[in-house]
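Some notes on the structure that comes next.
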Amino acid sequence: MKSNIKITVITVTFRAEAVLKRTLDSVLAQTYDNVEHLIVDGASTDGTLALANAYKQASEQAANGHEVVIVSEPDNGLYDAMNKGLHMATGHYLVFLNAGDTLHSPDTLRKVAEAADQEVMPAVVYGDTDVVDNEGRLLGKRHLRPPETLSWRSFRQGMTVCHQAFYALTDIARHTDYDLAYRYSADVDWCIRVMKEGERQKRPMANTHLTLVDYLKEGQTTLHHRDSLKERYRVMCHHYGTPSTILMHVWFAFRQLLRKLS
C-alpha cells in the first residue's frame, strides 16, 4: 500500500548484536511502502553495524523500498540518541522501536497509516502491546492496557500505552525533546508532553484497537526498576501534582496487595 502518510521508525542501538536482527526483520517484512527507518547507533564495536548495513542493503533490494538511514557516533546515553532521531525524522509520524522489540505483524504500519489518515491528523496513533522474552516467545499482554480514549490524563494511571505502541505526530514530537534530566523515565514525560500539545492543538488521539508491538521484557527500565520507579514518581508529581500522585500510589499498592491475596 502506498500512502501519503510517511512513518519514521527510530531504532536506537548500542552493542545490540544479540537482539537487533529480529527488530530489523520485522520492519523489512512490512507491507507498507512509505517508511523511513532511522538507526541511531552509539558507536557500537560489536556486530551491530554489520547487521544494520546488511539490512539497509536488503531494504534497498526489497519490493517495499523502505528508506534506511544509519548514523553511528558517540552519544550521551539513550535519550540523547533518541533526541537525535527526533530531529532526523522526516515522516508524518514517528515511533521508537528498540533493539529486541518487533512490529507485531507485517501489516502493522499499514494499519497505523490508515488510522492516521483523517481530516485532522491525530496527535497520537496508539494500540496494545504483547510482551515477549529474550527468545521472542510470547509471555502475554502487557499488564497496563490502552484506554479506549487516550489523553495526557490517562498516564495518571501509569503508562497505559507502551512507548513502542505510541506513534507521535512528528510536527509535535520534533519540538518536544526528551528531558535528559531523567535517566530511565524520560519516555513517560515525553509522551505526556506530546499529548498535552496535541490537546492544545485540538487534535484527536487515534486508537487502532490492535496490538502494534511485541515488547522485549528486559529493557533498561526493567534492569533499573527501582530507579525507574523513583523517576516516574517525579514525573507524575510534575504533571499531576503531588497530592494526586500520592493518592494514586496508595491505590496502586492496595491493588497489588489484593492481587497477591487473590
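The values are calculated or read from the model by the stated rules, or taken from the named source; none is laboratory data. Keep in mind it's a predicted model, so treat the numbers as computed, not measured. Using ideal geometry, Cβ is built from the backbone for each residue, glycine included, and neighbour counts are taken over all protein chains shown. Each accessible area value is taken on the protein alone, full model and side chains, heavy atoms only, with ligands, DNA and RNA left out. Shrake-Rupley method; radii C 1.70, N 1.55, O 1.52, S 1.80 Å.
Which whole-number value in Å³ per residue fits the convex hull of the alpha carbons of the stretch 47-100? List each step's numbers first, then the result.
Numbers: hull volume 5.7 nm³, N = 54.
Roughly 106 Å³ of hull volume per residue.
Counting only C-alpha contacts under 8 Å and six or more residues apart, can you give the relative contact order of the chain as a whole percent? Kindly include the intermediate steps, with their values, before the conclusion.
Values: 487 pairs, mean separation 54.8, N = 262.
Relative CO of the chain lands at 21 percent.
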**OP:** Report the convex hull volume per residue for the stretch 72-137, counting only C-alpha atoms, in Å³.
**Re:** 133 Å³
Original post:
How about residue 230: which aspartates and glutamates have a C-alpha closer than 20 Å to its C-alpha, ignoring those fewer than 8 places off in the same chain?
Top reply: 179, 187, 189, 218
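Rolling a 1.4 angstrom probe over the protein heavy atoms, how many square angstrom per residue are accessible across the chain? Let's see the in-between values first.
Details: 12440 Å² over 262 residues.
In whole numbers, the chain has 47 Å² accessible per residue.
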Subject >> Anchor residue 111: lysines whose Cα lies under 30 Å away (excluding residues fewer than 8 positions away in-chain) >> reply: 2, 6, 21, 56, 84, 141, 196, 202, 217
Original post:
Where is the GNM fluctuation largest for the chain (alpha-carbon springs, 10 angstrom cutoff): 145, 234, 137?
Top reply: 137
Original post:
What is the Cα radius of gyration of the stretch 7-162 over 2.2 N^0.38 Å, N being its residue count?
Top reply: 1.05
Original post:
Between residue 242 and residue 45, what length comes free when the chain is fully extended (0.36 nm per residue of separation minus the Cα-Cα distance, one decimal in nm)?
Top reply: 66.6 nm
Original post:
Highest GNM mean-square fluctuation, the chain, Cα pairs closer than 10 Å: which of 147, 74, 122?
Top reply: 74
**OP:** Over the alpha-carbon set of the chain, work out the extent along each principal axis and list the three values in angstrom, largest first.
**Re:** 55, 44, 36
Original post:
Considering only 213, 150, 132, whose Cα is most displaced toward the positive end of the charge dipole of the stretch 126-246, charges sitting on Cβ of Lys, Arg (+1) and Asp, Glu (-1)?
Top reply: 150
Subject >> Sites matching chymotrypsin sites (Phe, Trp or Tyr not before Pro) across the stretch 115-160 that sit in DSSP coil, with at most 12 neighbouring C-beta atoms within 10 Å >> reply: none
Original post:
Viscosity 0.692 mPa s, temperature 37 °C: Stokes-Einstein D of the stretch 135-219 from its Kirkwood Cα radius, in µm² per second?
Top reply: 234 µm²/s
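Which helices, taking whole DSSP H runs in the chain, have alpha carbons extending 27 angstrom or more along the helix axis plus mean Kyte-Doolittle at least 0.0? Don't skip to the answer; put the middle values down first.
Numbers: long enough: 242-261 (29 Å, 0.44).
Both cut-offs are met by 242-261.
Regarding the stretch 5-66, what's the average projected area of the Cα-atom convex hull, expressed in nm²? Write down the numbers at each step before the final one.
Details: hull surface 15.1 nm².
One quarter of the hull surface, i.e. the mean projection, equals 3.8 nm².
By the scheme Lys and Arg +1, Asp and Glu -1, what is the net charge of all other residues having a beta-carbon under 10 Å from that of residue 81?
Working: positive: 84; negative: 41, 73, 75, 80.
Taking every other residue near residue 81 into account, the sum is -3.
So, with a 1.4 angstrom probe, what is the percent of accessible area on the chain that is carbon and sulfur? If you can, show how the numbers build up before the last one.
Details: 6530 of 12440 Å².
In the chain, the share of accessible area belonging to carbon and sulfur is 52 percent.
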Original post:
Hey, in the GNM for the chain with a 10 angstrom Cα cutoff, which one of 118, 164, 30 fluctuates hardest?
Top reply: 118
